[in-house]
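Sharing a structure with you now.
Read the figures in this text as sums done on the coordinates, not as results from a lab. Predicted model only: the values in this text are computed from it and were never measured.
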Amino acid sequence: MSTRTSKFVIYKSEKIFMEKVRDKNYFQVCGMDVEEITDLEGLENLEELESLRLEGNKISEIKGLNSLVNLKELNLSYNQISEIKGLDKLTNLKWLSLGANEISEIKGLEKLENLEGLFFCIPTQPHGNDILEIKGLESLKKLKHLKLSANKVSEIKGLANLTNLETLE
């Protein structure tokens, strides 16, 4: 049985809710009624962080996450991100959600070899990105779930190496 501890912390003058499940060494940070976070600076001391959820903010660039090497889940959906970059050091990442942003090209994911879930859309809503072509995923051998619906992909190709792929939407 896990023990949950929760607390509010101040991050960039905003209230952020932090939750830790001790038995699983699981941390979660998610914005609560914030929706004004514009960047990811200031998180570098949270090296043990495993889950970061900052969907629904005004983040336009992915940066400041290099020290979060234990991160396994990152949700940056509903932001203003136009380019995927700054994720190279997050090699333990298993789930990445970037739905409802302004991304037009899949790139910058080559080093995320442990990625199992990659989401460029919001599964229950028609909010995707502007992705036209599937590319840059060849090295993601552990990828099981790829969700691209609500994007502008017209042809499915470049997925032959993804032998563990179970879900493609």
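Residue separation times 0.36 nm, minus the C-alpha to C-alpha distance between S104 and N164: what's the value?
Details: separation 60, 0.36 × 60 = 21.60 nm, distance 2.51 nm.
19.1 nm is the gain from fully extending S104 to N164.
In whole Å and largest first, what semi-axes does the C-alpha gyration tensor of region 32-115 yield when each eigenvalue is scaled by 5 and square-rooted? Could the numbers behind the result be given before it?
Working: eigenvalues 65, 51, 23 Å².
Rounded to whole Å, the semi-axes are 18, 16, 11.
Between E48 and K152, 0.36 nm times their residue separation minus their Cα-Cα distance comes to what?
On the way: separation 104, 0.36 × 104 = 37.44 nm, distance 3.66 nm.
Full-extension gain reported as 33.8 nm.
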